[in-house]
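Enquirer: For reference, the structure I am asking about is given below.
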Amino acid sequence: MQIVNVFRSFFLLAFAMAAVFLMVAACGSEEEVETQAASSSNMMTVTDPVVEEAMVANTIVDIAVADGRFTTLVTALQAAELDGVLSGDDQFTVFAPTDEAFANLPEGTLESLLADIPALKDILLYHVTSGSVLAADVVTLDSAPTLQGQSVDISVMGSSVMVDQANVVITDIIASNGVIHVIDAVILPE
């Protein structure tokens, strides 16, 4: 649990530092920002190579654990023994349902799935595609093949993107082994 808190603290710090840097950048010229950054020995920017390497050194599972919105997903991945796959070197795109999305499943569904590992594994693999597909590429697709074997439907309506019946609410969370797009519902294969 301490490791989770350390990761969470790191990402919150990195996010806060990035927000401060962007605010400073918006208020001044690039030259002023560089001068301000150089004059402050305590200020670390997201352009610091050590920070960038640390941010991208985390796998999809590391990020999901540290984020705090994906505890149910992480529990399910561990139960289905897929956490090791999504922590490896292969590149994946994960359409990641939040804890709230899992909570919206009919009562007893999650418990039933956790007791039926093959069915749970099928559903989880239906949320994963091979390769790292960024949002700019996702919006050009009508569908995407999943590791489960079936394809998810992708539709774009204005600025809204849907994967099957789930809305994509956050895009391009970059991991060392792929990318996470956050969705607001658990999607189910036929």
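Enquirer: Among the residues of segment 92-139, which ones are acidic (Asp, Glu), touching a residue at least 60 places away in the same chain (Cβ under 8 Å) and over 15 Å from residue 78 (Cα atoms)? First the steps, then the outcome.
Expert: Initial filter on segment 92-139 (acidic (Asp, Glu)): 99-100, 107, 111, 116, 122, 137.
Next, only the ones that are touching a residue at least 60 places away in the same chain (Cβ under 8 Å) stay: 100, 122.
The answer is 100, and nothing else.
Enquirer: Looking at segment 128-160, which of its residues are under 12 Å from residue 179 (Cα atoms) and part of a loop (DSSP other than H, G, I, E, B)?
Expert: 131, 132, 133, 134
Enquirer: Is it fair to say residue 100 is open to solvent by 20 Å² or more (accessible area, probe 1.4 Å), closer than 16 Å to residue 128 by Cα and more than 14 Å from the chain's Cα centre (by Cα)?
Expert: On the way: open to solvent by 20 Å² or more (accessible area, probe 1.4 Å): yes; closer than 16 Å to residue 128 by Cα: no; more than 14 Å from the chain's Cα centre (by Cα): yes.
No.
Enquirer: So residue 171 clears everything in (1) buried (at least 19 other Cβ atoms within 10 Å of the Cβ); (2) under 22 Å from residue 63 (Cα atoms); (3) touching a helix residue (DSSP H, G or I) at 6+ places or on another chain (Cβ under 6 Å) except one condition, right? Which one?
Expert: Here residue 171 clears every test but (1).
Enquirer: Give just the number: which of (1) within 15 Å of the chain's Cα centre (by Cα); (2) open to solvent by less than 60 Å² (accessible area, probe 1.4 Å); (3) not charged (D, E, K, R) does residue 123 not satisfy?
Expert: (1)
Enquirer: Which pairs turn up if I take residues in segment 57-70 that are free of Cβ contacts under 8 Å to residues at least 40 places away in the same chain and look for partners that are assigned to a helix (DSSP H, G or I) and of a type in the set (Asp, Glu) with beta carbon separation below 9 Å, at least 6 apart in sequence or on another chain?
Expert: 70/99
Enquirer: Here are the criteria: (1) open to solvent by 60 Å² or more (accessible area, probe 1.4 Å); (2) not in a loop (DSSP other than H, G, I, E, B). Tell me which single one residue 106 does not satisfy.
Expert: Just one mismatch for residue 106, condition (2).
Enquirer: Checking the structure you have, find out if any residue of segment 145-160 is open to solvent by less than 40 Å² (accessible area, probe 1.4 Å), modelled with pLDDT of 95 or more, of a type in the set (Asp, Glu) and in contact with an Asp or Glu (Cβ under 7 Å, 6 or more places away or on another chain).
Expert: Among the residues of segment 145-160, not one is open to solvent by less than 40 Å² (accessible area, probe 1.4 Å), modelled with pLDDT of 95 or more, of a type in the set (Asp, Glu) and in contact with an Asp or Glu (Cβ under 7 Å, 6 or more places away or on another chain), which makes the answer no.
Enquirer: Here's something else I'd like to know. Here is a check on your reading of the model: is residue 136 surrounded by fewer than 14 Cβ atoms within 10 Å (Cβ to Cβ) and either modelled with pLDDT of 95 or more or closer than 14 Å to residue 168 by Cα (or both)?
Expert: Yes.
The values are calculated or read from the model by the stated rules, or taken from the named source; none is laboratory data. Computed from a predicted model, the values in this text were never measured in an experiment. Heads up, the Cβs are rebuilt from the backbone with ideal geometry, glycines too, and the neighbour counts pull from every protein chain shown. We work out accessible area using only protein heavy atoms, side chains counted, and drop any ligands, DNA or RNA first. Shrake-Rupley method; radii C 1.70, N 1.55, O 1.52, S 1.80 Å.
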